[in-house]
Structures are given as structure tokens and as C-alpha cells.
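The values are calculated or read from the model by the stated rules, or taken from the named source; none is laboratory data. For clarity, every value in this text was computed on a predicted model and none was experimentally measured. In this analysis, Cβ positions are derived from the backbone assuming ideal geometry, glycine residues included, and neighbour counts consider all displayed protein chains. Accessible surface is based on the protein model in full, side chains and every heavy atom, while ligands, DNA and RNA are left aside. Shrake-Rupley method; radii C 1.70, N 1.55, O 1.52, S 1.80 Å.
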Amino acid sequence: MRLELLLTTLAALLATALTPTPAPAPASPPPPVARNWPVGTRPPVLRAWDPPSTTYGAGHRGVDLAAPPGTAVRAVAPGRVSFAGRVAGRGVVSVELDGTGDPPLRTTYEPVRPTVKKGAEVAAGEEVGTLEPPTGHCPEGCLHWGLLRGETYLNPLSLLPPWLLRRGPSRLLPLTDAPRHGLGPARAGPWLSPALPAGPRLSPARPAEPSPRRPR
């Protein structure tokens, strides 16, 4: 009887261990509080955010931004440095963002050589480290930029407002075929048609007056 109970307990424990832990419920999107990109100006995204289906499942818990080693890595928003050191041989800097709730949003940057210390207050755009050589995460130099609230990973690109995501300012192009003053398509040179005969040209604003009659 005891052996049967023990086998039943072991089977239940084994089933629990083999059951994948579901991922936490999706959190509300973070506010767009970033004021700059962490590297460069709209760097190419080599790999996008791909949240795992379970807590320990495969996925990509951040974005990879292309940048050469030695590039300055900057805080995207004001906050306090919560970690600056090495994890598994990689330099990592984490910054808790001001005014983003409880627990606060936390951005992570790796692999970087930190230029700040834990507890330091940083402003948006302030350098927090320099990008280290590739560590195998990217075939070429890249910054792995992460975002968390508590232990929940979020898409760091959601921190960026639309004006930072755009490639550049909008430009007004000249309308080369637009009519000028309602007189027809624009042409190079005088607006009058070259088909008109030489001589005095009458204004198109009013018709010519009739010639005065001679007195009889």
C-alpha cells in the first residue's frame, strides 16, 4: 500500500515537472518615455523582440541594434542605474526609469563596458557605457537592448515615440505640373504661350476695348 502511494506521488511530481510553465499574462504597453535611441540615430534592427510562449521557453527578450564596437551607449530616458557590472562574461548596465510606476520600468544594455556605477542618476542621452566586441549573440557588432517591468519582458521599441521611429522629417516636394495663377501648366520661361504672334501682348485679365470710331 505504501509503495503504491509512493509511486502515485512520484508520478504526480513528474507530471508537474514536465508541464511547461505558462508565460505571464501580457502586460500593458509601456509609455513612450524615451527621448533618444541607445545607439546612433535609428540604427538597423538586426533581430526584433520575440516574447517566449512560456517563462523559460525560446524567444528573444529584447531587440538587437546594429552598431560597431566602441559606440557610445546612452540612456534612453532619465533614471537610476540599478546594475553596472558583468554577467556571464558580458558587461551589463540596467537603468530604472523615473516616473514609470511600481515596479518601475527597467532598461538593460549589453554587452557594454560600463562608464557609470550602481546608484548613479542619469539623464536621457547620457552615456552609460561603450559597446564591447561581439560575444556570439550577433555575427557582427550589436547592442542587445531589453526592457522589463518586474520579471516581465516587454518590447523596448515601445518606449520610443513615433517621431523617433520615423526615418526623418517630412519634406514638401515642388509641384512641377501645378498651374500658375490658373493660367495652365507651368512652363520654363514666360507664362505666355510661345505660339502667340510677336508684338504687343494683351493682359488676359480683361478683353481688349474696341477701337474708337472716327467722327463723321
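What the table shows:
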{"item": "Contact order relative to length of segment 84-164, as percent, for alpha carbon pairs under 8 angstrom and 6 or more apart", "result": "27"}
{"item": "Pairwise label distance in nanometres, A48 with K117, each label 7 Å out on the Cα-Cβ vector", "result": "4.2"}
{"item": "Surface per residue (accessible, 1.4 Å probe) for segment 57-148, Å²", "result": "41"}
{"item": "Y153 accessible area, assembled protein chains, probe 1.4 Å, Å²", "result": "100"}
{"item": "Most to least packed among 139-147, 44-52 [average Cβ atoms within 10 Å]", "result": "139-147, 44-52"}
{"item": "Point-charge dipole on Cβ atoms (K/R +1, D/E -1) for segment 59-152, about Cα centre, debye to 20", "result": "220"}
{"item": "Where labels lie 7 Å past Cα in the beta-carbon direction, separation of R86 and D98 in nm", "result": "3.3"}
{"item": "Karplus-derived 3J(HN,Hα), 6.51/-1.76/1.60, for each residue of segment 31-42, Hz, glycine and proline x", "result": "x, x, 9, 5, 10, 6, 6, x, 9, x, 10, 6"}
{"item": "Amide H contacts of E132 (H built 1.01 Å from N, under 5 Å, at least 5 apart or other chain)", "result": "G70, V112, R113"}
{"item": "Accessible surface of segment 104-156, 1.4 Å probe, proportion on carbon and sulfur as whole %", "result": "49"}
